[in-house]
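Here's the structure, in structure tokens; my notes come after.
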Amino acid sequence: MYKQNKIKSAFFAAFPNTIPILAGFLFLGMAYGIYMNRSGFNFLYPMFMSAVIFAGSVEFATVSWLLGSFDPINIFFLTLMINARHLFYGLSMLEKYNIPGIKKYYLIYGMCDESFSINATADIHKDIDRGWFMFFVTLLNQFYWVAGATLGGIFGSFIPFDTKGIDFVMTALFVVIFLENWPKEKNHIASIVGLTVSFICLIIFKGTNFIIPSMSVILATLTLIRERLKNLCVQYNI
């Protein structure tokens, strides 16, 4: 009974944090399902691909791969490059995901940008089980994406839908998450480093090519100043 209450409490604590993701994922998932439908695929394709692959950019790219010639080696390296940012996410979540049981394996598998943002920044009440909280955040986000992709695949041929510009929903979502997290931070050094490095890399590398270099520099910078940040926090009690 205690375990059931603990799981239930974690679910109801996690759900409100995922509501913004629900709105974004339903729209984007439906856009993906419609895209698959218009490309000639049955709704089962977006349903299973969204559940198994669970990587939006790769899933969109997979449509052209399925329609093109068989080239597994090239696809492997393209997939690795598209999702290379998750290497940095994983490193930063090593401590948080170090929980007992098999939940951590699903957390590793199901980690996406949005789940990472919530689990990394959420202020979890001390009475809520952290492992179950992160599990439900990840599970709910994946459910939203799979549901959206499935609905898009089913109704895609009946709904006139222009997907141009809809991907900005996720960009706006990350801006909101960043702004909400800013007042909660004890100091803003890490955020300032992230913003500064990303801006410089954007100028140097342009377009989407700046993501991997900026993450590499941010990781290296924060690793180098980690001890100084700890000492600063202790010295000024922040």
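The values are calculated or read from the model by the stated rules, or taken from the named source; none is laboratory data. On a predicted model such as this, the values are computed, not experimentally measured, just so you know. Every residue, glycine among them, receives a Cβ derived from its backbone with ideal geometry; neighbour counts consider all protein chains shown. Side chains included, ligands, DNA and RNA excluded: accessible areas come from the protein's heavy atoms. Shrake-Rupley method; radii C 1.70, N 1.55, O 1.52, S 1.80 Å.
Between Ala23 and Ala51, the FRET efficiency estimated from the beta carbon spacing at R0 = 25 angstrom works out to 0.80. First compute the accessible area of the chain with a 1.4 Å probe, then give the percent of it belonging to carbon and sulfur atoms. Looking at the chain in its full context, I get 69 percent from C and S. Rounded to the nearest 10 degrees, the angle from helix 2-38 to the longest Cα principal axis of the chain is 40 degrees.
Compared with the dominant principal axis of the Cα atoms in the chain, helix 189-205 is inclined by about 40°. Note on Met81 and Asp123: with the Förster distance fixed at 25 Å, the Cβ-Cβ geometry gives a FRET efficiency of about 0.15.
Going 7 Å from the Cα of Ser9 in the Cα-to-Cβ direction, what parts of region 88-104 have a backbone nitrogen less than 20 Å from that spot? What the label zone holds, given the 20 Å backbone N cut-off, is 99-101, 103.
For the chain, set up a GNM with springs between Cα atoms under 10 Å and report which of Phe48, Phe205, Phe25 has the largest fluctuation. With Cα springs under 10 Å in the chain, the top fluctuation among Phe48, Phe205, Phe25 is at Phe205.
Placing +1 on the Cβ of every Lys and Arg and -1 on the Cβ of every Asp and Glu, with no other charges, gives region 1-164 a dipole of roughly 420 debye about its Cα centre. Applied to region 108-120, the Karplus parametrisation 6.51 cos²θ - 1.76 cosθ + 1.60 on θ = phi - 60° returns per-residue 3J(HN,Hα) values of 5, 5, x, 5, 10, 3, 6, 5, 4, 4, 6, 5, 7 Hz, with x for Gly and Pro.
Against the chain, whose longest principal axis is taken from its Cα atoms, helix 56-67 shows a tilt of about 30°. If the chain linking Thr196 and Leu91 were pulled fully straight, counting 0.36 nm for each residue of separation and taking away their Cα-Cα distance, it would gain 35.7 nm. For region 1-164, the number of Lys pairs with C-alpha atoms closer than 20 Å, counting only pairs eight or more positions apart or on separate chains, is 14. Per-residue ellipticity at 222 nm, computed for the chain from helices alone with -39500 (n - 2.57) per DSSP H run of at least four residues, works out to -24000 deg cm²/dmol.
When the Cα convex hull of the chain is projected onto planes of every orientation, the mean area is 15.5 nm².
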